Each structure stands twice: as C-alpha cells, then as structure tokens.
Amino acid sequence: MSEIRVGPAAAFADGERRIVFHGDTQIGVFRWDGEYFAYENLCVHQGGPACEGMIMHKIEEVLADDRTYVRQKFSDTDVNFVCPWHGYEYDIRTGECIGDRRLKLRSFPVVERGGELFVVAN
Ligand code: FES
C-alpha cells in the first residue's frame, strides 16, 4: 500500500480536481461538497481520460402528471463528470457510469493528514 500526495487540503477548493500519478496509473481526485473522491483516469469505454472531462449537474427530464415530456433541468443533487472522448458520464460520488451502473471506475480512498491530502493506492 502506498500514498500519493495530492497537496494541501486548504488549497483544494470545492469543485476542483487534480490528476496525480502512481507509476503508470493516473488518478483523478475531486472535491465536491466538502468530500473527496478519487478514480483511475481510465474510461471503461475505450480508455479515455474520463476524470479530465467537464463536471456538470446531471440533466433530468421534467414530466407532466400524464407522464408527457415538459422540459429538461439540471439536478439539484446529482453531479457527473463526462469523459471527453465520447461522453460517458460518471457519478462523481461513486464513479459509476450513469448509463450502466454496473460499470464503474476503479476508486481509491483519499485521506487527510496534517493538512495534506493523500490518495491510498495498492
Ligand atoms: S473513451 Fe470515454 S467515452 Fe469513450
């Protein structure tokens, strides 16, 4: 087990991301709503740099009482990042591909110690 230094927690603003390296493995580290999440930067589709894509609130459909389409809106709670190669979207809190939640990015714990953040990798 090894720890990869990310940097000072105080310098990591909410909504930011960093890419750190562990040998040949790239790991995307996100801070969202005060929590940290880390995933291998390797899209389940064709190996693109999933963690480098746009971060955006999930788009949800608003339906009328009769279940007909009204409009789309951004979710108040669910946030995804989008692989820049072909648009696979991943839940920022779980690393699951939202198109098929059986598919998931490899995740890593993030720990804070002495004001510094580390990704724990094995
Ligand atoms: S490689 Fe990520 S969507 Fe295709």
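Select from segment 41-99 the residues that are within 15 Å of the ligand (Cβ to nearest atom) and among the small types (Gly, Ala, Ser) and write down the one among them that is most open to solvent (accessible area, probe 1.4 Å).
Gly99
Taking segment 18-40 only, how many residues are within 16 Å of the ligand (Cβ to nearest atom) and open to solvent by 60 Å² or more (accessible area, probe 1.4 Å)?
Selection size over segment 18-40: 1.
Under 8 Å between Cβ atoms, at least 6 apart or on separate chains: pull out the pairs that start in segment 37-50 with a residue that is within 22 Å of Phe12 (Cα to Cα) and end on any residue that is of a type in the set (Asp, Glu) and open to solvent by 20 Å² or more (accessible area, probe 1.4 Å).
Cβ pairs passing all conditions: Asn41/Glu52.
Do we find that Phe37 is more than 20 Å from Ala121 (Cα to Cα) and among the aromatic types (Phe, Trp, Tyr) in this structure? If you could, list the steps in order and put the result at the bottom.
On the way: more than 20 Å from Ala121 (Cα to Cα): no; among the aromatic types (Phe, Trp, Tyr): yes.
No; evaluated as a whole, the condition is false for this residue.
The rows are residues; the columns are (1) modelled with pLDDT of 95 or more; (2) of a type in the set (A, V, I, L, M); (3) more than 18 Å from Arg18 (Cβ to Cβ).
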position	(1), (2), (3)
Glu40	yes, no, no
Glu52	yes, no, no
Ile59	no, yes, yes
Val62	yes, yes, yes
Tyr69	yes, no, yes
Asp76	no, no, yes
Val79	yes, yes, no
Val82	yes, yes, no
Tyr90	yes, no, no
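The values are calculated or read from the model by the stated rules, or taken from the named source; none is laboratory data. Worth saying up front: this structure is predicted, and the values here are computed from it rather than measured. Cβ sites come from the backbone with ideal geometry, for glycine too, and all protein chains shown count toward neighbours. To get the accessible areas, we keep the full protein, side chains included, count just its heavy atoms, and leave off ligands, DNA and RNA. Shrake-Rupley method; radii C 1.70, N 1.55, O 1.52, S 1.80 Å.
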